[in-house]
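What follows is calculated from the coordinates using simple rules that are stated; it is not laboratory data. The model shown is predicted, which means the values in this text are computed figures rather than measured ones. Cβ: placed from backbone, ideal geometry, glycine included. Neighbour counts: every protein chain shown.
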Amino acid sequence: MANTTDLIHPRWVRITHWVNAVAVVIMAMSGWRIYNASPFFPFAPPGQITLGGWLGGAIQWHFAAMWLLVGNGLLYLACNIISGRLWRKFFPWSPRAFLADVLAALKGKLAHADLSHYNMVQRAAYLFVMVDLVLLVLTGLVLWKSVQFPLLRELLGGYEVARREHFLAMAALVAFFVVHIVMVALVPRTLLAMIRGR
Amino acid sequence: MFKKPSRQPLANGDLLLKDALKDMGRHLDQPMRRAFLQRTLSLGGLSMLSGCGIVEESDVENALMKISRFNDKAQAFLFDPNRLAPTYPDSMITHPFPFNAYYGEDEIREVEEEGYRLEVTGLVADKRAWTLAELRAMPQTDQVTRHICVEGWSAIGKWGGVPFASFLRRVGADLSAKYVGFKCADDYYTSIDMPTALHPQTLLTLTYDGQPLPPRYGFPMKLRMPTKLGYKNPKHIQAIFVTNNYPGGYWEDQGYNWFGGS
C-alpha cells in the first residue's frame, strides 16, 4: 500500500461507507413495501420501487439487512471514535461558520479544493446522517420488539409514535441521500476518493 | 387446503399484486399461491440481481430463509419469559377492533358450540377432548393489551380466558417440548415456542370485551399473545398439540418469520 498519509479516506471508511450504502438501499426499499401494507400517511411509494415482492419477502429483506446495517454501523462508529477521526473531521463546530458555509453553498461558491477537509455544511450533514441512522435503528428496535425493550419504547413515545418516527427518520435519510448524490454529481472527484481512497 | 370460488378471474394479475396479502388467500388455491409468491418475490426482490445473472434467485431466497431462521433464534434469546407487555385502561380500547384474517369478512367461520370439542394431542398426559363449559369452569383472567399486526398497524383490545400455562399444566403437557401447534376451523394453522406458551399473558381466550368471543374474533376460542404479532394468534382453534417436530404455520410456510415475536 502507498503512503497512507496521502489517503483522503482510509480503507475502513471506504469499506464501511459502501457496505452502509448497500444496507441502506435494501432497508429503505424493503421498508417502503412494509409501509405499503398499512400506510398511515395519505401516500404510498409505488410498488415497482420497493423490494421483496410482497410483505413477507420485504420483511425477510428488512430483517436480514438490519444485521448488516447495525454490524457495519457499529464497526464504523468504533473505528471513528478509536482513531480520533470523528473529532478531527467533524469538529470543531461553529454555528456562525455553518451559516457562512450555507450561504457560500447557496451562491455556488463553497470551495472543494481539499477533499480531506470537510466544510461546516458537510460536517453538519454527515453528523446528521449518523444521528439519523442511530435513530432509525432505535425506533426500528421498538417496532421489532416493542415488548422486549420497554424503556426504549416509552422514551420514544410508544409503538405507534415510534412507527411515525421511524418513517420520518427514513424520509430524512432519503433526503440526505438525494442531496449526497447531487453533490457527488457536481464534484465527481469525491466519488473517486471514496473508491480509491485519494 | 382451503378453497373458495374466486370472485375475480385469476388472470387479473395487477389486482392480485396490489392486495397480495389478504386477497391471495381468497383467490388462489395453495399450489398456485406458492408459485405466485415465488414469482412476485423474484419480480420485486431479485430482478435487479438475478436479472443480471449475478446470483441465482433460489440462492437468494434460501439465504433469506436461513437468516429468518437465525432471526427466530435471536428472538428466542431476546424473549424474556417474565417481561410483561404493557396493559391499558378500558378507555383506550380500539372501537371497533379491526377484523383481520387471510380471508374476507364475508367468509368468517361460524362454529357451533353444540358438539364442539377441543382436541388435545401430542406430548400430553391427558388427551381427553374439552367442551367449552369445562374451559369456562377453569379460573379465568382478562387483559387489555395491544395487538400488533405484521402489516404495522396496532389496536388495543380486551381479551379474557384461561391462562394457557395453567391449561398446559392441567393436561400434563411436556413443558420441555419445543412447540405447541394449533389447527383451526378456518383451516388456519400455526405453532409457537414453549417459553411463549408459558408466558403469563398468553391466554386461551374465550371472551372479547366481557362477551363470549364473537365469530369475527375467533369463536369458540383463540390464543391471545401480546408478545407476538397478530398472525401468531390463531382463531377458531379446534386442536392443540405439543410436539418436538417443527409444525410450521399457514403464513410461516410462505415466508413470514416463524417466531413473530414482539
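Taking the Cα centroid of the stretch B:163-219 and of the stretch A:105-179, what is the distance between the two, rounded to the nearest whole Å?
Their Cα centres are 41 Å away from one another.
With unit charges on the beta carbons (Lys and Arg positive, Asp and Glu negative) and the dipole taken about the Cα centre of the stretch A:23-115, which residue among A:ALA65, A:TYR76, A:HIS112 sits farthest to the positive side?
A:HIS112
Please give, to one decimal in nm, the separation of the simple spin-label points placed at A:LEU74 and A:GLN48, each 7 Å out from Cα toward the Cβ.
So the two model labels end up 4.0 nm from each other.
What distance in nm lies between label points placed 7 Å from Cα along the C-beta direction at A:VAL131 and A:ILE195?
Between A:VAL131 and A:ILE195, the label points sit 3.3 nm apart.
Only Cα pairs within less than 10 Å get springs; with that Gaussian network setup on chain A, which residue of A:ALA104, A:ALA113, A:ALA64 has the largest fluctuation?
The residue that fluctuates most here is A:ALA113.
Post the alpha-carbon centroid distance, the stretch B:227-262 to the stretch A:16-86, in whole angstrom.
The two parts, judged by their Cα centres, are 27 Å apart.
What is the P(r) of the stretch B:149-238, as percent of Cα-Cα pairs per 5 Å bin from 0?
Over the stretch B:149-238, the share of Cα pairs per 5 Å bin runs 3, 14, 25, 27, 21, 7, 3, 0 percent.
Using label points projected 7 Å from each Cα along Cα→Cβ, tell me how many nm separate B:CYS149 and A:ALA171, to one decimal.
Going from the B:CYS149 label point to the A:ALA171 one covers 2.2 nm.
Please report, largest first and rounded to whole Å, the three semi-axes of the ellipsoid equivalent to the stretch A:1-59, where each semi-axis is the square root of five times an eigenvalue of the C-alpha gyration tensor.
One finds semi-axes of 37, 11, 7 Å for the stretch A:1-59.
Would you kindly derive the ³J(HN,Hα) couplings of the stretch B:117-129 from the backbone phi angles with the Karplus curve 6.51 cos²θ - 1.76 cosθ + 1.60 (θ = phi - 60°), listing them in order in whole Hz, with x for Gly and Pro?
Using θ = phi - 60°, the values come out as 9, 8, 7, 10, 9, x, 7, 10, 6, 10, 9, 5, 7 Hz.
If you line up the Cα atoms of chain A on their principal axes, what length do they span on each, largest first, in Å?
48, 39, 37
Tell me the GluC sites (Glu not before Pro) within the stretch B:73-181 that lie in a loop according to DSSP and have at most 10 other beta-carbon atoms within 10 Å.
B:GLU110, B:GLU112, B:GLU114
Considering the alpha-carbon set of the stretch B:195-262 alone, what are its Rg and its Dmax in angstrom?
12.5, 36
On full extension of the chain, what length is gained from B:LEU175 through B:MET92, given 0.36 nm per residue of separation minus the C-alpha to C-alpha distance?
Details: separation 83, 0.36 × 83 = 29.88 nm, distance 3.50 nm.
Length gained, B:LEU175 through B:MET92: 26.4 nm.
By what distance, in whole Å, do the Cα atoms of the stretch B:84-254 stretch along each of the three principal axes, largest value first?
Principal-axis extents of the Cα atoms in the stretch B:84-254, largest first: 41, 38, 33 Å.
What list of whole percents do you get for P(r) of the stretch A:55-118, with Cα-Cα distances grouped in 5 Å bins up to the one holding the largest distance?
Values per bin, smallest distances first: 4, 13, 12, 15, 11, 12, 13, 10, 8, 2.
Strictly over 21 Å apart at the Cα level, which of B:LYS158/B:LYS222; B:LYS66/B:LYS178; A:LYS145/B:LYS232; B:LYS73/B:LYS183; B:LYS73/B:LYS235; B:LYS73/B:LYS158 would you flag in this model?
The answer is B:LYS73/B:LYS183; B:LYS73/B:LYS235; B:LYS73/B:LYS158.
Which longest run of chain A has no exposed loop site in it, a site being chymotrypsin sites (Phe, Trp or Tyr not before Pro) in a DSSP loop with at most 15 other beta carbons within 10 Å, and the site itself not part of the run?
The longest uninterrupted stretch comes out as A:94-198.
Determine the shielding of peptide A:137-147 by partner chains: average, over its residues, the number of Cβ atoms on other chains within 10 angstrom of each Cβ.
Per-residue shielding by partner chains comes out at 4.
Shielding of A:65-74 by partners, i.e. mean partner chain Cβ atoms within 10 Å per residue?
Rounded to a whole number, the mean comes out at 1.
So what's the net charge close to A:ASP114: Lys and Arg +1, Asp and Glu -1, counting the other residues with Cβ under 13 Å from its Cβ? Please list the in-between numbers first.
Working: positive: A:LYS89, A:ARG189, A:ARG198; negative: A:ASP6.
Residues close to A:ASP114 contribute a combined charge of +2.
Quick one: P(r) of the protein assembly as shown from all Cα-Cα pairs, 20 Å bins, percents rounded to integers, in order of increasing distance.
Over the protein assembly as shown, the share of Cα pairs per 20 Å bin runs 22, 49, 23, 6, 0 percent.
Using just the helices of the protein assembly as shown, give the 222 nm mean residue ellipticity in deg cm²/dmol: DSSP H runs with n ≥ 4 each add -39,500 (n - 2.57), and the total is spread over all residues, rounded to 500.
Computed mean residue ellipticity for the protein assembly as shown: -14000 deg cm²/dmol.
Order of A:ASP132, B:ASP174 from fewest to most other C-beta atoms within 10 Å?
Numbers: A:ASP132 18, B:ASP174 15.
Final ranking by Cβ density, sparse to dense: B:ASP174, A:ASP132.
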